[in-house]
1. Anything in the range 40-92 that is surrounded by 15 or more Cβ atoms within 10 Å (Cβ to Cβ) and of a type in the set (Phe, Trp, Tyr)? List them, or say none.
2. Quick one: in the range 105-122, of everything that is under 18 Å from the mean Cα position of the chain (by Cα) and under 16 Å from Lys53 (Cβ atoms), which residue is modelled with the lowest pLDDT?
3. Restricted to the range 106-136, and to residues that are part of a strand (DSSP E or B) and either open to solvent by 60 Å² or more (accessible area, probe 1.4 Å) or touching a Phe, Trp or Tyr at 6+ places or on another chain (Cβ under 7 Å) (or both), which residue is nearest to Gln170 (Cα to Cα)?
4. Under the condition of being in contact (Cβ under 8 Å) with a residue 60 or more places away in the chain and of a type in the set (S, T, N, Q), which residue from the range 178-197 is least open to solvent (accessible area, probe 1.4 Å)?
5. Which one is modelled with the lowest pLDDT, of the residues in the range 28-64 that are among the hydroxyl-bearing types (Ser, Thr, Tyr) and over 27 Å from Thr87 (Cβ atoms)?
6. I need the helices (runs of 4 or more DSSP H) fully contained in the range 150-212, keeping only those with at least 2 residues that are modelled with pLDDT of 95 or more.
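The values are calculated or read from the model by the stated rules, or taken from the named source; none is laboratory data. Keep in mind the model is a prediction, meaning the values are calculated, not measured. Counting neighbours? That spans all protein chains shown, and the Cβs are built from the backbone with ideal geometry, glycine included. Just so you know, the surface numbers come from the protein's heavy atoms only, side chains and all, with ligands and any DNA or RNA stripped out. Shrake-Rupley method; radii C 1.70, N 1.55, O 1.52, S 1.80 Å.
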Amino acid sequence: MSFSKFMFLLHHKALFFSLVRKMEDKYEGFIQAPKQSDFEAESTVYQILSEMKQNTIVCCWTKSEYESNVMWKSYAGTEGEGIAIKTTCRDLLESVDSTAQSKLTLGKVEYVNYDQNRIPINDLAPLFHKRIEFRSEEEVRVAAALHFEFEGPQIVISPEIEKNGGLYIQVDLNKLVNEVVVSPNSEPWFNELVYRQIEQASLKVPVVPSTI
C-alpha cells in the first residue's frame, strides 16, 4: 500500500472494505445471465442475485511465499514510498472487530475462463472467482454482505457507503500486523520514517527491507 494509506491505517486502526461494484474490474461478483428463457421469474432472480453480489464489500490481499515486483508497482507506486503488511489468515480474521467477525467470509480466489466455466451462484462464490488474466495476484479476500433494503427491483445501501465506495472496519493492529516490509526502492530516510510511525502507534513489529 502507499505510505498515506498506511498512515491512515495506523491512526484510525481500520481496514477499508471496497464496495464490489465500485472496483476497477467490471467482472467483480460476476454472475452469468440465464440462457434464453420465457420464464420472467428466472430473470428476476438473476437480477436480484447480481445486485446482491455487487453490493457486497471485500478486503483484498495476496497470498504468496515471495514478494511480487508487479504487486509493488501496482499498489505501492514506483517512488519507493510504500509498504507491505504481512499477516496470516487467522490473524487477519481475529483482528477484525468482534461485532463484524460473524459476517466475514475469507477465501482464496479461483481464476477461471468465464467463457468455459459457469460460476456457482450460491452464497458468495461469485466473489471468490476472477478472470484468468488476474491470476498473478494470487488473491485472498475477506467478503462481507451489507445490510440493504429493496426499493422495487433495486437494492439501496447506506449513503455513506455509497459515497465512500466502501466501509472502514475497526481492527486490532497488534493482532493484524506480523511484519512491515519497506518498498524495494526506498531510501534510508523513508525506512526510518516508517519505523518511527510504527513506534508512535505502539506497535511492536519488525520493519524489514524488501527482498527484491
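1. Within the range 40-92, Tyr46, Trp61, Trp72, Tyr75 qualify.
2. Thr105
3. Within the range 106-136, the match that is nearest to Gln170 (Cα to Cα) is Gly107.
4. Per the stated criteria, the residue is Ser183.
5. Here the residue is Ser37.
6. The helices (runs of 4 or more DSSP H) meeting that bar are 173-176, 188-200.
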